[in-house]
Amino acid sequence: MNVKKTVIFLIFVLFGFLHGCTGKDTKAELSREWKVSKVSIEDLPDNASGAMVAKVQTLQQLFGDAYLKLYPNGDCVIVHDQNYQLGSWNYDYKKRLLSFRGKNREEEFSMTLHEKEDGYVKFKAFTVENKDSVNYISMLWMPEQKYEYENQDMLAKERNMWRIKPSQKQSKAQITQKLVAHLTFMIDYFQFLDNKKQGYFEPKFLQSPFQFYSHGLGVANKYNLPDFWKETYYDQENAEMALDLFAEALGSVGEFPSGKNFTEEYKKVMERMKIYLEK
């Protein structure tokens, strides 16, 4: 799950849905986890420029089957497949504008609320080229808490900083610290599933080199490193060092532990690996 570097600036122009609410009420309404249940391209002209098509495709890829979390402090997270993107959001009550900004180059998209019914929120997305607005994408959102339960929020930025690619080469000690943070996240995730009584887990969400088996765990080959692993490290050398340390920690576990289910067994292994790396 790499952290996308494409910075996107999104403006949501909200009409009836937010009409009559105070800014504080609206921010509370928006501060939640959302599931993007449908994204469809509509009315894209045949003569649309390459830049315009690229913008539409970026928006579709970013939001297709994605989960979003808007936080009261202005943080925003978008999770899609193996992509975890951090950003920020802001609500302008006077203009009734909800904006999202990523980190790098600016691309602008806008979404107009089309309707709200049975808990769903439908947006019409458009962008501006030569001062002409054209509807391109229809998007359906619905409130859903997939990654939050009670006081556990698996999308929170402080839990996921290990996903961020470093800006410079890291030492063995720094890589070890990053691995400990990664293992802590996975341990918390399996506890989260147990608390929710959820009978399945998402390997992609863990972004780990683990190979999950029935009553067993393996590690990917460092000569065929997954891209989602390499993209969280500065370079190939650091990614290989991290995998070697990861495999060494797994090798220290010894006999595979037993548990009431597979996820409890995996959690016990990761707890032992974490202890080994923290020595």
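Computed quantities for the displayed model
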read-out	value
Packing-based ranking, highest mean first, of 29-42, 60-73 given that Cβ atoms within 10 Å are counted	60-73, 29-42
Order of Ile78, Ile137, Ile187 - criterion: other Cβ atoms within 10 Å of each residue's Cβ, fewest first	Ile187, Ile137, Ile78
Pair Glu237, Thr184: separation of 7 Å Cα→Cβ label points (nm)	2.8
Sites Gln211 and Leu44 - FRET efficiency at Förster radius 41 Å, r taken between beta-carbons, to 0.05	0.50
Model label zone, Gln82; criterion: amide N under 19 Å from point 7 Å along Cα-to-beta-carbon; scope segment 152-182	160-166, 179, 182
Residue pairs, from the table Lys146/Lys279; Lys35/Lys165; Lys38/Lys268, whose Cα atoms sit over 32 Å apart	Lys146/Lys279; Lys38/Lys268
Contour excess over end-to-end distance, with Cα ends at Trp162 and Glu248 and 0.36 nm allotted per residue	29.0 nm
Separation between Cα centres of segment 133-187 and segment 218-279, rounded to whole Å	18
Distance cut-off 19 Å, percentage of C-alpha pairs in segment 156-279 lying past it	46
Net +/- balance of residues flanking Tyr234 in space, Cβ distance below 12 Å, scoring K and R +1, D and E -1	0
Computed lengthening from Asp75 to Glu202, 0.36 nm per intervening residue step minus Cα-Cα distance	43.3 nm
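No lab work stands behind these numbers, since they all come straight from the coordinates. Keep in mind the model is a prediction, meaning the values are calculated, not measured. Counting neighbours? That spans all protein chains shown, and the Cβs are built from the backbone with ideal geometry, glycine included.
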